[in-house]
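Beneath this line is the structure, given in structure tokens, with notes to follow.
The values are calculated or read from the model by the stated rules, or taken from the named source; none is laboratory data. Predicted model, so just to flag it, every value in this text is computed and none were measured. Neighbour counts run over all protein chains shown; Cβ positions are idealised from the backbone, glycine included. When the accessible area is computed, the model is the full protein with side chains, heavy atoms only, and any ligands, DNA or RNA have been set aside. Shrake-Rupley method; radii C 1.70, N 1.55, O 1.52, S 1.80 Å.
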Amino acid sequence: MLHTADLHIGAFGGRHLKYANLHAFEKIVEYALTEDIGYVVIAGDLFEKPRIENYELLLRVIKGFRMLRDNSVYTVVVPGSHDSSISRQDLLAVLEHAGLVNIPRYHIGRDGIMYLEPLKLGDLVFYGLPGLRNNRELEYLESRRLRFKDLDTSRVNVFIAHTSVKFAGYDPEKYYWRYSKAVIAHDRALMAIPGTVKYIALGHIHYPIPLFHEAEGNIAYPGTPVGRDMDDLLQTYKLRQEGWDRRFLLVDVYRDKPLMKSIFNGFGVEIAYDRIVYTSEKDVLDYAKKLARDLGGEFKVVLMTIDKLPRDKYSTLIQELSRLEREYKTVFHIRETGLEEVFLPEITLITPPENREELELAAIRDFVSKKGLKIEPEKIKAILDIIGEERTSDVKKTEFIEKLYKDIEPILEEIVDELPPQ
Ligand SMILES: [Mn+2]
């Protein structure tokens with residue numbers, strides 16, 4: 001199974017670079033066909049927008065999907081935050097109706113629960129969580145209002161989600177401050193996913209997490225192959241500086257523990273970056289040209305951060321650079337910020353914890369030590385497990401709450417007993 005996401009076909013508007021995203025898609029198709037892969041999973045944001053009016057892009061996308069279908073490769077796509085429309089009048093719907101892609105279904109019940117329908121294709125079963133507006137899909141995950149319908153544990157189940165679960169490949173200790181919510185909430189979000197799901201194919205976060213050549217594990221963000229803006233391209237540059245690259249994933253889900261393999265690829269995009277101090281317009285342009293000339297590759301990008309750039313020189317410089325863009329078949333971009341501000345998660349070879357109990361406990365441990373609490377993490381987990389229980393319709397609300405309290409009380413007492421005297 002191939003796992004990719006965030007292809008963003010249609011990004012980079014009128015620029016030559018827009019073909020880079022399409023080119024990446026075609027590379028992945030080519031790989032699937034030559035390596036005889038059975039499934040291609042796209043975890044959201046296949047397209048930059050719900051509708052794209054560029055017929056060359058569209059025809060080539062359709063050709064790619066048709067080649068997959070004609071060679072018996074199943075394609076499974078979930079709508080992302082960029083390419084789905086509420087009315088379902090979008091390109092993904094067109095591709096689905098044409099029989100070129102499969103989209104797992106879901107519905108939200110009157111009980112406020114999101115029900116995911118199984119999509120059986122060959123010997124795998126897929127469930128999909130789409131990217132909703134304002135990351136609302138995360139609410140269903142975090143409050144565990146997510147149900148996998150007819151989950152057959154005798155089969156290999158794959159869950160595809162376009163959402164920002166922050167879990168692996170970064171050390172929560174180092175990165176939790178970047179996010180407004182506590183890490184524990186994000187780690188707990190994964191608890192809504194049944195443990196019998198074999199692999200969680202994520203999309204939405206554009207950098208590859210976790211980074212590895214090969215790892216055993218059951219969850220990953222492949223990252224975007226090309227990206228959709230200059231930040232993504234600068235991240236690509238930084239990845240390469242550290243000896244990595246963009247990628248898609250080859251996942252063997254038939255093993256006991258799935259084996260994930262990064263298929264690294266530059267997708268024809270070559271990037272130069274430098275930070276310089278402004279001397280004159282001519283110097284900047286000459287240097288930009290030099291950087292462009294030194295680049296190979298089909299899609300060339302020159303990024304520059306220019307310190308001490310006079311405000312009144314900015315617009316003429318941009319004009320000159322866009323003139324060069326056609327001449328040099330290169331995207332030139334002046335950045336406000338430098339490479340040092342590009343965020344990359346800590347690059348580590350990790351295997352995400354298989355066991356969600358362990359995962360949860362690790363998050364709590366992290367939380368307890370950060371808050372300097374003198375409480376055993378196991379006890380907090382016991383309380384959270386009790387709170388996480390759901391009331392069935394045959395139990396009265398008051399009785400249910402009373403029972404919750406009764407269950408929690410002894411644990412709270414233990415915690416209080418163990419607290420050091422004031
Ligand atoms: Mn995206």
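When ASP83, ASP90 are screened for being within 16 Å of the ligand (Cβ to nearest atom) and in contact with a helix residue (DSSP H, G or I) (Cβ under 8 Å, 6 or more places away or on another chain), only ASP83 passes. The set of residues from the stretch 273-308 being open to solvent by 20 Å² or more (accessible area, probe 1.4 Å), within 13 Å of LYS329 (Cα to Cα) and assigned to a strand (DSSP E or B) comprises just one member, LYS300. Kindly indicate whether LEU58 is in a helix (DSSP H, G or I), under 30 Å from LEU324 (Cβ atoms) and more than 16 Å from the ligand (Cβ to nearest atom). Considered against the rule, which asks whether it is in a helix (DSSP H, G or I), under 30 Å from LEU324 (Cβ atoms) and more than 16 Å from the ligand (Cβ to nearest atom), LEU58 comes out as yes. Selection of the stretch 118-142 for residues being within 18 Å of THR163 (Cβ to Cβ) and in a loop (DSSP other than H, G, I, E, B) yields PRO130, GLY131, LEU132.
If you filter the stretch 32-48 down to residues that are farther than 17 Å from GLY10 by Cα and not hydrophobic (A, V, I, L, M, F, W, C), you find that the one that is farthest from the ligand (Cβ to nearest atom) is ASP36.
Screening ALA98, ALA93 for residues that are open to solvent by 20 Å² or more (accessible area, probe 1.4 Å), farther than 14 Å from GLY44 by Cβ, out of contact with any Cys (no Cβ under 7 Å at 6 or more places or on another chain) and of a type in the set (A, V, I, L, M, F, W, C) leaves exactly one candidate, ALA98.
Here's a check for you: in the stretch 337-390, which residue that is of a type in the set (Ser, Thr, Tyr) and modelled with pLDDT of 70 or more is most open to solvent (accessible area, probe 1.4 Å)? Per the stated criteria, the residue is SER369. Among the residues of the stretch 209-255, those that are within 13 Å of the ligand (Cβ to nearest atom) and closer than 19 Å to VAL77 by Cα comprise TYR221, PRO222, GLY223, THR224, PRO225, VAL226, GLY227, ARG228.
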